[in-house]
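Trainee: Handing you this structure, nothing more for now.
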Amino acid sequence: MDTAAHIARGVSDKAASDALRERLDRFRRIRAIVGASSGNLVEWYDFYAYAFTSIYFAAAFFPSGDQTSQLLATTGIFAAGFFMRPLGGWLFGWLADKHGRKSSMVISVLMMCAGSLMIALLPTHATIGLAAPALLLVARLAQGLSVGGEYGTAATYMSEIARKGTRGFYSSFQYVTLIGGQLLALLVLVILQQTLTVDQLKGWGWRIPFVIGALAAVVAMFLRRALQETASESTMHRKEAGSLVALLSHKRAVLVTFGLTMGGSLYFYTFTTYMQKYLVNTVKVPATTVSAIMTTCLVIFMFLQPVFGSLSDRIGRRNSLLLFGGLAVLAVVPIFGGLSTFSSVPATVAWILASLVIACFYTSISGVVKAELFPAEVRALGVGFPYAIGNAMFGGTAEYVALSMKANGYEQWFPWYVTVIVAVALVACVAMPDTRKHGYLDGDGKF
């Protein structure tokens, strides 16, 4: 009896110890996800603060022309920030693969802080003339470099810190915080619209979101400094680590990543950042009403990310992306048709939500599916660099292309442009391997 009781106690103690280790491990992973996500949220808040407040400060930096031409000028600078992303994707990808994910993430969030603080303190055209838009461009280029490095490194880190079978769920928090940053910028704008007059917003109120972003970046930096490194010393010391030559030996993965980004980024930016301007400038919905509509839609969109990420853990990333590509190709033109005439707020919300539900099949797994395509020594570079190029070419130019078409009388063709580019992403989905069997995080890594 004593022996049996001793064995039973031993089994019970071992079970309790295993349960404790499991809880501690889960807590460690969640803390790491929160730390990585905090910086991601701040970076995207800062980036979107520009997009949402440009409607108020456009005239301060570009005083001549009508509203569309002023928005076109500020949107051009927004797009210019995207064109720094490939350089950021390469630089921070190399840094993450060669010197660690944590160092790369800390530096990127500090660079975003500097760009936001610069915009907050910039004199206007009335004070320093053409130097004002020039300095605005410099600040946006710094932010573009930072965000270009943020995506690949954060996606890699969050994919590596999560366990097999839960990577879709945990990695979806990259877009939770990306959308959260966008939502936070929008919420700040709503509060300012409710507390300040239009003249005050155009005079000085637009600076407030950038001050908030700069302060939040300092907090995120300290959180990221406490993160656990996921890249091993042996991986970082390989001669292939962070090498473009080594990356190009994975041509299929690079092309698939680029193709997915083309359609996914253009679709995402069309129905989030550009949609606000479309409803105000084309459909003529009041700006305050549009802010309320987009806030509602983005909150729902944000909470859907873990649901669709978890779904990808069950049905596979490839199947999720095929659903995105197929549904988006069929839906873009009808959705724009439904939005073109404002009938009621609920109807507009329904159309936008329909577009965002389709987007969830891509956004929830955008980072992890690309991380699964590359080995550890070039993973951050492989995720970030092709993504940054595709995002600069198609995501960053979404608003510029749309507004240019509007200015030249061809606005009705923009939904067809989006449809064609999303069709390219669908081809990439078809060409992509099933990462459950042939991925570098879970499978054999041969494709």
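The values are calculated or read from the model by the stated rules, or taken from the named source; none is laboratory data. Keep in mind it's a predicted model, so treat the numbers as computed, not measured. Please note: Cβ atoms are built from the backbone with ideal geometry, for glycine as well, and neighbour counts cover all protein chains shown. Heavy atoms of the whole protein, side chains included, go into the accessibility calculation; ligands, DNA and RNA do not. Shrake-Rupley method; radii C 1.70, N 1.55, O 1.52, S 1.80 Å.
Trainee: Count charges around LYS239 for me, please; just the other residues with Cβ under 13 Å from its Cβ, Lys/Arg as +1, Asp/Glu as -1. List each step's numbers first, then the result.
Mentor: On the way: positive: LYS98, ARG238; negative: ASP97, GLU240, GLU377.
Counting the neighbours of LYS239, the net charge comes to -1.
Trainee: Sticking with this structure for a sec: For region 415-443 and region 127-147, what is the separation of their Cα centres, given in Å?
Mentor: If you average the Cα positions of each part, the centres end up 35 Å apart.
Trainee: Expressed as a whole number of Å, what is the distance separating the alpha-carbon centroids of region 317-364 and region 178-249?
Mentor: 27
Trainee: May I pose another question? First select every other residue whose beta carbon is under 12 angstrom from the beta carbon of GLY39; then total the charges, Lys and Arg +1, Asp and Glu -1. Please report the intermediate quantities before stating the final value.
Mentor: Working: positive: ARG101, LYS102, ARG224, ARG225; negative: GLU43, ASP46, GLU150.
Net charge around GLY39: +1.
Trainee: Net charge near LEU192, counting Lys/Arg +1 and Asp/Glu -1 over other residues with Cβ under 14 Å of its Cβ? Don't jump to the answer; show the numbers that get you there.
Mentor: Values: positive: LYS202, ARG207; negative: ASP199.
Result for the neighbourhood of LEU192: +1.
Trainee: Under 17 Å Cα to Cα from LYS239, which lysines show up? Leave out anything in the same chain fewer than 8 places away.
Mentor: LYS98
Trainee: At 25 °C and 0.890 mPa s, what whole-number value in µm²/s does Stokes-Einstein give for the translational diffusion of region 325-408, with Rh from the Kirkwood sum over Cα pairs? All intermediate terms of the calculation are to be shown ahead of the outcome.
Mentor: Values: Rh = 15.4 Å.
Rounded to a whole number, D works out at 160 µm²/s.
Trainee: When the helix-only estimate is applied to the chain (DSSP H runs of n ≥ 4, each -39,500 (n - 2.57), divided by the residue count), what is the mean residue ellipticity at 222 nm, nearest 500 deg cm²/dmol?
Mentor: Values: 21 runs with 353 residues, N = 447.
Helices in the chain give a 222 nm mean residue ellipticity of -26500 deg cm²/dmol.
Trainee: Same structure again: Using the C-alpha atoms of the chain, what convex hull volume per residue, in cubic angstrom, is computed?
Mentor: Per residue, the Cα convex hull of the chain comes to 158 Å³.
Trainee: Moving to a separate point now. At SER234 and LEU255, where each label point lies 7 Å from the Cα along Cα→Cβ, what is the point-to-point distance in nanometres?
Mentor: Rounded to a tenth, the inter-label distance reads 3.3 nm.
Trainee: By how many degrees, 0 to 90 and rounded to 10, does the Cα axis of helix 208-225 deviate from the longest principal axis of the chain?
Mentor: Rounded to the nearest ten degrees, it is 10.
Trainee: For the pairs LYS277/LYS370; LYS370/LYS437; LYS102/LYS370; LYS102/LYS251; LYS251/LYS370; LYS370/LYS406, flag any whose C-alpha to C-alpha distance is greater than 25 Å. Let's see the in-between values first.
Mentor: On the way: LYS277/LYS370 31 Å; LYS370/LYS437 15 Å; LYS102/LYS370 19 Å; LYS102/LYS251 27 Å; LYS251/LYS370 13 Å; LYS370/LYS406 34 Å.
Beyond 25 Å between Cα atoms: LYS277/LYS370; LYS102/LYS251; LYS370/LYS406.
Trainee: Right, something else. Once both labels are modelled 7 Å past Cα along the beta-carbon direction, what's the THR341-ASP199 spacing in nm?
Mentor: The modelled label-to-label distance comes out at 3.9 nm.
Trainee: Now for a different question. Enumerate the calculated ³J(HN,Hα) couplings along region 160-165 in order (Karplus 6.51 cos²θ - 1.76 cosθ + 1.60, θ = phi - 60°), each rounded to whole Hz, writing x wherever the residue is Gly or Pro.
Mentor: Per-residue couplings from phi come out as 6, 7, 7, 8, 4, x Hz.
Trainee: Hey, another quick one. Set Lys and Arg Cβ to +1 and Asp and Glu Cβ to -1, take the dipole of region 182-274 about its Cα centre, and tell me which of GLN228, PHE258, VAL211 lies farthest positive.
Mentor: Farthest along the dipole direction, towards plus: PHE258.
Trainee: What does region 298-447 give for Rg and for Dmax, in Å, if only its C-alpha atoms count?
Mentor: My reading of the Cα-based Rg and Dmax gives 17.0, 53 Å.
Trainee: On to the next question. Could you tell me how many degrees, from 0 to 90 and to the nearest 10, lie between the Cα long axis of helix 398-407 and the main elongation axis, the longest principal axis, of the Cα atoms of the chain?
Mentor: Taking the Cα atoms of the chain, the angle to 398-407 is about 20 degrees.
Trainee: Then there is this: Using a probe of 1.4 angstrom, how much of the accessible area of the chain is carbon and sulfur, in percent? Intermediate results must be reported in sequence, preceding the final value.
Mentor: On the way: 11980 of 17270 Å².
C and S atoms contribute 69 percent here.
Trainee: Shifting gears a bit: Mind checking the per residue accessible area of the chain for me, 1.4 Å probe, whole number of Å²? Write out the running numbers ahead of the final one.
Mentor: Working: 17270 Å² over 447 residues.
Here the per-residue accessible area is 39 Å².
Trainee: OK, next. Say R0 is 35 Å: what FRET efficiency, to the nearest 0.05, do LYS437 and VAL333 get from their beta-carbon distance?
Mentor: Working: r = 35 Å, r/R0 = 1.01.
That gives a FRET efficiency of 0.50.
Trainee: Let me ask another. Give the residue list of trypsin sites (Lys or Arg not before Pro) in region 241-318 that are DSSP loop and have at most 16 other beta-carbon atoms within 10 angstrom. It would help to have the intermediate numbers written out before the result.
Mentor: Details: sites: LYS251, ARG252, LYS277, LYS284, ARG314, ARG317, ARG318; in loops: LYS284.
Answer by residue number: LYS284.
Trainee: Something else about it: Using the alpha-carbon atoms, what tilt in degrees (0 to 90, nearest 10) does helix 85-99 show relative to the longest principal axis of the chain?
Mentor: 20
Trainee: Sticking with this one: What list of ³J(HN,Hα) values in whole Hz, one per residue of region 332-338 in order, does the Karplus curve 6.51 cos²θ - 1.76 cosθ + 1.60 (θ = phi - 60°) give from phi, with Gly and Pro shown as x?
Mentor: Result, rounded to whole Hz: 4, 5, x, 5, 4, x, x.
Trainee: In debye, nearest 20, what is the charge dipole magnitude of the chain about its Cα centre with +1 on Lys and Arg Cβ and -1 on Asp and Glu Cβ, if you could check? Display every interim value, and only then the final one.
Mentor: Values: 35 positive and 23 negative charges, 124 e Å.
Value, rounded to 20: 600 debye.
Trainee: Exactly which trypsin sites (Lys or Arg not before Pro) in region 139-237 are in a DSSP loop and have at most 12 other Cβ atoms within 10 Å? Can you show the working numbers first?
Mentor: Values: sites: ARG140, ARG163, LYS164, ARG167, LYS202, ARG207, ARG224, ARG225; in loops: ARG163, LYS164.
Answer by residue number: ARG163, LYS164.
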